[in-house]
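Below: the structure, in structure tokens.
Where a number appears in this text, it was derived from the coordinates with a stated rule and is not lab data. Worth saying up front: this structure is predicted, and the values here are computed from it rather than measured. Using ideal geometry, Cβ is built from the backbone for each residue, glycine included, and neighbour counts are taken over all protein chains shown.
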Amino acid sequence: MGKFLETIKPYISSEVFLLMIVMGSFLLGVYIYKRTKITLLQPLLISMLIIIPFLKITGIDYQTFCNQTQILNFMLGPSVVALGYVLYEQIEYLKGNVVSILTAVFTGSVVGILSVMLIAKLMGADHILISSLAPKSVTTPIAMSLAEKNGGIPALTAAFVVICGIFGGLVGPIILRRIGIKSKIAQGLAMGSSAHALGTARAMEMGAVEGAISGLAIGIMGIMTALLIPFAERLF
């Protein structure tokens with residue numbers, strides 16, 4: 001088995017094959033999710049359950065995987081920008097709510113940063129781990145850049161961002177429903193501010209308005225987090 005894997009490793013570690021694995025596993029996850037409608041079976045989670053064992057069994061290291069699939073990381077930026085069109089279609093919901101939206105996202109950013117940094121500090125985490133955790137609630141490209149500039153580990157931050165997004169996408173709608181939040185704008189802001197792109201994907205399932213506002217929250221959250229983290233770093 002070992003010799004066989006060594007023989008085929010140059011092929012299975014190629015850019016084309018790894019991209020096929022990533023996209024194929026995600027499409028399989030989408031199919032399973034649509035058929036079952038089980039919230040826990042998120043496409044991204046299913047992809048992880050397929051890709052991680054595959055890399056472990058084949059011995060393909062993370063750096064190789066990351067380099068060969070970097071086009072997907074690059075597309076994260078344009079995909080967030082593309083949400084602007086969805087927002088444009090719901091532009092009337094912004095009228096008269098600009099101050100409320102900015103206040104809500106600012107509050108979410110402050111709470112999101114300070115809470116995780118404080119908890120990590122109380123649990124004995126070092127500066128590297130705290131810096132890696134701080135930008136957990138913003139989209140991956142921004143989070144990794146902030147972590148790197150503040151002494152964190154970008155790869156570790158990416159993992160925290162994914163975990164945060166999956167958790168927020170799973171429990172966010174349930175919490176909003178339980179506490180009686182019925183405003184579409186409030187729901188969208190909550191999902192986008194706490195669970196970034198994955199939360200926005202879930203918000204789009206909730207409705208067009210929720211998805212559009214959630215996409216807006218991602219952008220504002222990224223800007224505010226980038227401005228606030230340097231100040232928060234001084235406190236810890």
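Annotations for the structure displayed:
- Ignoring lysines fewer than eight residues from LYS149 along the same chain, the ones with Cα atoms less than 29 angstrom from its Cα are LYS121, LYS136.
- Across the range 1-146, Cα pairs under 8 Å and at least six residues apart give a relative contact order of 17 percent.
- Taking Cβ atoms as reference points and 14 Å as the exclusive limit, the residues near GLN187 contribute a net charge of +3, counting Lys and Arg as +1 and Asp and Glu as -1.
- Spatially proximal aspartates and glutamates relative to LYS184 (Cα-Cα < 19 Å; intrachain offsets below 8 disregarded): GLU89, GLU92, GLU205, GLU210
- Stretching LEU27 away from ASN67 to a fully extended chain increases their span by 12.2 nm, per 0.36 nm per residue minus the current alpha-carbon distance.
- Overall form of the range 1-68 per C-alpha gyration tensor (a/c, 1.5; a/b vs b/c): prolate
- Angle between the chain longest axis and helix 43-58 axis [Cα atoms, degrees, rounded to 10]: 30
- Theoretical gain in end-to-end length, ILE179 to LEU156 [0.36 nm per residue, Cα-Cα removed]: 5.0 nm
- Overall form of the range 1-156: oblate. Here a/c, set by the Cα gyration tensor axes a ≥ b ≥ c, is 1.5 or more, and a/b is not larger than b/c.
- In this calculation the C-beta distance from ILE57 to ASN97 is compared with R0 = 41 Å, giving a FRET efficiency of 0.20.
- Taking 0.36 nm per residue of separation and subtracting the current Cα-Cα distance, fully stretching the chain between ILE8 and SER79 would add 22.2 nm.
- The separation of the range 1-76 from the range 89-106, counted between C-alpha centres, amounts to 38 Å.
- Among the trypsin sites (Lys or Arg not before Pro) in the range 126-190, those placed in a DSSP loop whose Cβ has at most 13 other Cβ atoms within 10 Å are LYS182.
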